[in-house]
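The values are calculated or read from the model by the stated rules, or taken from the named source; none is laboratory data. No experiment lies behind these values; they were computed from the predicted model shown. Please note: Cβ atoms are built from the backbone with ideal geometry, for glycine as well, and neighbour counts cover all protein chains shown. To get the accessible areas, we keep the full protein, side chains included, count just its heavy atoms, and leave off ligands, DNA and RNA. Shrake-Rupley method; radii C 1.70, N 1.55, O 1.52, S 1.80 Å.
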Amino acid sequence: MPDHLRITYRVIDEKRRTVAEDKDLDALKRRLAPRLRQTLSQAGDDLEQTGLHTWSFGTLPKVFEQGRMKGYPALVDAGDSVSVKIFETEAEQRRSHWPGLRRLLLLNVTNPAKSLLGGLSNQAKLALSRSPHGGAVALFDDVVNAAVDKLMLEAGGVVWEPVGYDRLYQHVRTHLYDTARDVLDKVEQILSVWHEAGARLDSLRASAATDDVREQLGRLVYPGFVTATGHGRLSDVLRYLRAIDRRLIKLPEDPWRDQEWMDRVHKVEDDYDDLLAKLHPARRGDPDVVEVRWMIEELRVSFFAQTLGTPTPVSEKRIAKAMDRLAP
């Protein structure tokens, strides 16, 4: 579209004076973000807090309004404490509040990591020592975070008031050890198969197929993958890794068939990448968008390790329809 025909977006203040304008709405938002952030912070000075270790701030409003200004308060994970911050968008609020709430819970319950480590067999310790996390502390943090996420889901998800937080806290405190033990068992199996597949991969001559597998392994198992994947998907990841191992076993016998299937998967992956590029960044983490990624993993299973099966039917056409529904 010719530049002179494009819409000009303009932001005005309460005296109807122009604050900023641009023909690119996203660029305008980026330019104004620091100013809006400062204004929101000043307006919500009584609401924003740092260095919190308990739910000591009463009910947290989901929306903060002052005049024409609107913000979205949320907890923020600050590592050894949590903060309350007002965000400009609901998407930012959602991304921050869950991990902030998780951190607050972890600051107030007994971390089961040391007890879990003490109960491991030598075989389990060996499998877990091969994780990509760079050390036991990071791995167990990942496991415990995933366990808390599962328990938060069971208890109803995010909360905004003290009564809801206490309900979450009691549920997490009661069930954290057993849940983390369950997550750790799954992670042990995942890392064992991941290591075996990696060793088999290293024994094969480099090719387009081995490059493809190496990239897939990196997408499935990486520092923080346990929390990012979530408890409900860990069994699926184990199946994907077993499918990779079976693919590698069969690869030398029929590399042409492997190439055909790989090309078909890559076509779907390219279409998915194109979709992500078109979506607003805030949407890329939406459950229905992420679900397409897992559908592609299932497509790989259906091609390279059919005997493992998939929970529901999957095909290139089904994935294309799912992406069509998401197109902006």
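Descriptive notes on the structure:
- When THR307, THR312 are screened for being under 23 Å from the mean Cα position of the chain (by Cα) and over 15 Å from GLN216 (Cβ atoms), only THR312 passes.
- Here the range 53-100 is the region considered, the condition is being open to solvent by 60 Å² or more (accessible area, probe 1.4 Å) and in a helix (DSSP H, G or I), and the residue that is farthest from ASN145 (Cα to Cα) is GLU90.
- Exactly one residue among LEU251, LEU308, LEU234, LEU326 is farther than 30 Å from ARG103 by Cα and buried (at least 19 other Cβ atoms within 10 Å of the Cβ), and that residue is LEU251.
- Members of the range 296-311 that are more than 15 Å from ASP254 (Cβ to Cβ) and of a type outside the set (Gly, Ala, Ser): ILE296, GLU297, GLU298, LEU299, ARG300, VAL301, THR307, LEU308, THR310, PRO311
- Out of HIS175, HIS195, sole residue that is in contact (Cβ under 8 Å) with a residue 12 or more places away in the chain, under 21 Å from VAL237 (Cβ atoms), open to solvent by 40 Å² or more (accessible area, probe 1.4 Å) and out of contact with any Phe, Trp or Tyr (no Cβ under 8 Å at 6 or more places or on another chain): HIS195
- Every condition in (1) in contact with a Ser or Thr (Cβ under 8 Å, 6 or more places away or on another chain); (2) open to solvent by less than 40 Å² (accessible area, probe 1.4 Å); (3) of a type in the set (Gly, Ala, Ser) is met by ALA136 except one, and the failing one is (2).
- Residue in the range 140-161 that is assigned to a helix (DSSP H, G or I), modelled with pLDDT of 95 or more, open to solvent by 10 Å² or more (accessible area, probe 1.4 Å) and over 23 Å from TYR222 (Cα atoms) present: yes
- If you go through the range 272-295 and pick out every residue that is assigned to a helix (DSSP H, G or I) and surrounded by fewer than 17 Cβ atoms within 10 Å (Cβ to Cβ), you end up with 14.
- When LEU117 is tested against (1) closer than 25 Å to GLN49 by Cβ; (2) assigned to a helix (DSSP H, G or I); (3) more than 19 Å from the chain's Cα centre (by Cα), exactly one condition is not met: (1).
- Listed by first and then second residue, the pairs linking a residue in the range 139-165 that is closer than 30 Å to SER129 by Cβ to a residue that is open to solvent by 60 Å² or more (accessible area, probe 1.4 Å) and modelled with pLDDT of 95 or more, with Cβ atoms under 6 Å apart and 6 or more places separating them unless they lie on different chains, are LEU151/HIS175.
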